[in-house]
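**Q** Have a look at this one before I ask anything.
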Amino acid sequence: MFTLIIEDRFGSIVDEYSFEDGEFVIGRSQSCDIVLAADNVSRRHARLFTVEGRCYIEDLQAANGVWLNGRRIYNVTELPRSAQVRIGDFFLHIEGASFSHPLGTAAHGRLIALHGAAGGPFDINRPTTLVGRGKDCAVVINDPSVSRIHAKLTLEDGRVTVEDLRSSNGTWVNDRRVDTAEVRHGDRVRFGTVGFQFLIEGEAPPAHVPPPREPASSRQPPTATEMPFPSRSSSLSHSAISAFPGAPASPYESAPSQYAQPSRSLLPQVAVVAVFALAATILVIVVGFAYDRLLAPALVGGVIAGEGTAAPAPQRSRSAGQREEPSEDNRFAELLARGIDAINRRQWDQAEEIYRSARRLDPIHEEPTRALSRVASEKRAGERFLHAEEAFKRKEYAEAIQKHRLIPETSVYRADANVALKSIAGILEFDGDAACAASRAEECRSLYSLAMSTDFASPALEKKYAKLLTQLDAGGAAREGQGDAPKGRRSPR
């Protein structure tokens, strides 16, 4: 027997359940088995289920995640004894669970830091793994060349795919920049200038293939990560490789890499700098000589001949290909501003499309998720308001009142619904007065009662309704008294 106690963020008990077996979907939607009404709870947030007397919980890809005893979970996980689960602003206490044993948490693969890389190793054991500089990413790389949300690793059917999320410095697989590519055992994966090697558990050590040697003319100067200084990540990568199951350390310790440390001699660099300096000096001399002997006399001759002063050289306009595109943060802020404007104009479909684009640009930001939740709520409220208006036109006042009252207090349609309810209350009061004047007491009571259900009845109507009920009660009591008189006897004259 398991006991589930739900508390809000203030520590008040919201609900309590007892169950032995079954499956329960937790979320904000009214169709869920356990409803948690909060904006930071997804429509279908998590799944709670039992298998052979054990209780498990699964995150249904909720925006704000599922937290077990202060740690976010990503896989199906068995709940420990006295477990505390946080979903949004709610805390779920599960009593009666035995012990914790995560399901499906074995690492499929691992990112091993190469020379010059920082951090790691990182296990790849989730359906989706975000890589970036942001603290909410599963693989956090603190390097300026890495974007806040740089790339995404997807594990599906035993295959790992890397996808670049519009990063500034790109994602590279085996020295080739990619948008989306499958990563295989032994591949080198680079995010910006930070390189890793991808290893799959149980696979034999890959045969190393040295990268193609670039010609001297096209070889780039060494980057910051290739400077000849020892780095802490180098020792981490060696120890991590030796600790990884099925991957001996010796093949990786001696294998060369594109991130290997170059020679400590500075003579080649000094020679290259000297050659560039000499070439620049020669170029300046040649250009100055050509100007003095060819261009300057032609310009002076044109002025003397009356051609006027030479026109200033037109400024080069930046071509479309050189136009500076707005940064990722600026595009995200622009989408949020457009979304707010669409909400203010009640253009829900347009607002939904805008916020979905914003969420694709920044998947872990909370604002697009909250806005999409609000847009969905406002769309439902708008549909209810429209149905209520149609019922009002058909003079089906009871249905119109019910639809208007279902509109949430936080909705932009709430004020319009209140005006409509007040109008319906006035119409029902007028019809009730006419029924009372025609001595149709039951009809009058029904109309008055319906008007009272709008919560916008006038004080005068409340008094009339109370007086009518008193009269009906008195009339009923008088009829009952006459019915109790004995039959066959005349009353005295």
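The values are calculated or read from the model by the stated rules, or taken from the named source; none is laboratory data. This one's a predicted model, so the numbers in the text were calculated from it and none came from an experiment. Reconstructed Cβ throughout: ideal geometry from the backbone, glycine too, with neighbour counts over all protein chains shown. All accessible areas refer to the heavy atoms of the entire protein, side chains included, with ligands and DNA or RNA removed. Shrake-Rupley method; radii C 1.70, N 1.55, O 1.52, S 1.80 Å.
**Q** In segment 355-365, how many residues are open to solvent by less than 20 Å² (accessible area, probe 1.4 Å) and assigned to a loop (DSSP other than H, G, I, E, B)? Please lay out each step first, then the result.
**A** We begin by selecting, within segment 355-365, every residue open to solvent by less than 20 Å² (accessible area, probe 1.4 Å); these are 355, 358, 362.
Then drop every residue that is not assigned to a loop (DSSP other than H, G, I, E, B), which leaves 362.
Result for segment 355-365: 1.
**Q** Okay, next question. Could you tell me which of the residues 439, 377, 411, 373 is among the hydroxyl-bearing types (Ser, Thr, Tyr), outside any helix (DSSP H, G or I) and more than 30 Å from residue 464 (Cα to Cα)?
**A** On the way: 439 fails: more than 30 Å from residue 464 (Cα to Cα); 377 fails: outside any helix (DSSP H, G or I); 373 fails: outside any helix (DSSP H, G or I).
After ruling out the rest, the residue left standing is 411.
**Q** A further question follows. Consider residue 395 carefully, then state whether it is at positive phi and out of contact with any Ser or Thr (no Cβ under 6 Å at 6 or more places or on another chain).
**A** Here the answer is yes, as residue 395 does meet what is asked.
**Q** Pick from segment 366-384 the residues that are open to solvent by 40 Å² or more (accessible area, probe 1.4 Å) and in contact with a helix residue (DSSP H, G or I) (Cβ under 8 Å, 6 or more places away or on another chain): which of them is nearest to residue 402 (Cα to Cα)?
**A** My answer is 384.
**Q** I've got another one for you. Looking only at segment 416-429, how many residues end up being under 12 Å from residue 397 (Cβ atoms) and either surrounded by fewer than 16 Cβ atoms within 10 Å (Cβ to Cβ) or out of contact with any Asp or Glu (no Cβ under 8 Å at 6 or more places or on another chain) (or both)?
**A** 7
**Q** Now for a separate question. Of all residues in segment 18-31, which are assigned to a loop (DSSP other than H, G, I, E, B) and either surrounded by fewer than 19 Cβ atoms within 10 Å (Cβ to Cβ) or of a type in the set (Val, Ile, Thr) (or both)? Full working, then the answer.
**A** The initial filter retains those residues of segment 18-31 that are assigned to a loop (DSSP other than H, G, I, E, B), namely 20-22, 28-31.
Selection gives 20, 21, 22, 29, 30, 31.
**Q** Tell me which of these residue 151 doesn't satisfy, since it passes every other one: (1) touching a Phe, Trp or Tyr at 6+ places or on another chain (Cβ under 9 Å); (2) closer than 16 Å to residue 121 by Cβ.
**A** Single failed check for residue 151: (2).
**Q** Hey, residue 39 hits all of (1) within 30 Å of residue 371 (Cβ to Cβ); (2) part of a strand (DSSP E or B); (3) not small (Gly, Ala, Ser) but one; which does it fall short on?
**A** Evaluating residue 39 over (1) within 30 Å of residue 371 (Cβ to Cβ); (2) part of a strand (DSSP E or B); (3) not small (Gly, Ala, Ser) leaves (2) as the failure.
**Q** Scanning for something touching a residue at least 24 places away in the same chain (Cβ under 8 Å), aromatic (Phe, Trp, Tyr) and closer than 23 Å to residue 388 by Cα, does segment 435-458 turn up at least one residue?
**A** yes
**Q** Since residue 62 meets every condition but one in (1) open to solvent by 30 Å² or more (accessible area, probe 1.4 Å); (2) of a type in the set (Gly, Ala, Ser); (3) part of a loop (DSSP other than H, G, I, E, B), which condition does it not meet?
**A** Only one criterion in (1) open to solvent by 30 Å² or more (accessible area, probe 1.4 Å); (2) of a type in the set (Gly, Ala, Ser); (3) part of a loop (DSSP other than H, G, I, E, B) is unmet by residue 62, namely (1).
**Q** Any residue in segment 457-478 that is open to solvent by 60 Å² or more (accessible area, probe 1.4 Å) and not in a helix (DSSP H, G or I)?
**A** no
**Q** I'm checking my understanding of the structure. Among residues of segment 147-173 that are assigned to a loop (DSSP other than H, G, I, E, B) and under 24 Å from residue 108 (Cα atoms), which one is nearest to the chain's Cα centre (by Cα)?
**A** Within segment 147-173, the match that is nearest to the chain's Cα centre (by Cα) is 149.
Residues are listed down the side, and each one gets a yes or a no for (1) aromatic (Phe, Trp, Tyr); (2) at pLDDT 90 or above; (3) on the phi > 0 side of the Ramachandran plot:
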site: 421; (1), (2), (3): no, yes, no
site: 448; (1), (2), (3): yes, no, no
site: 455; (1), (2), (3): no, no, yes
site: 458; (1), (2), (3): no, no, no
site: 464; (1), (2), (3): no, no, no
site: 468; (1), (2), (3): no, no, no
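**Q** Let me ask something else about it. Specify the residue that is surrounded by the most Cβ atoms within 10 Å (Cβ to Cβ); the eligible residues are those in segment 44-59 that are modelled with pLDDT of 90 or more and part of a loop (DSSP other than H, G, I, E, B).
**A** 45
**Q** Here's something else I'd like to know. What are the residues in segment 71-82 that are open to solvent by less than 70 Å² (accessible area, probe 1.4 Å) and part of a loop (DSSP other than H, G, I, E, B), if any? Before you say what the answer is, go through the steps one by one.
**A** Step one: of segment 71-82, the residues open to solvent by less than 70 Å² (accessible area, probe 1.4 Å) are 72-73, 75-80, 82.
Answer for segment 71-82, where residues must be open to solvent by less than 70 Å² (accessible area, probe 1.4 Å) and part of a loop (DSSP other than H, G, I, E, B): 75, 76, 79, 80, 82.
**Q** Which of the residues belonging to segment 106-125 are at pLDDT 80 or above and of a type in the set (Gly, Ala, Ser)?
**A** Listed by number, the residues that qualify are 109, 113.
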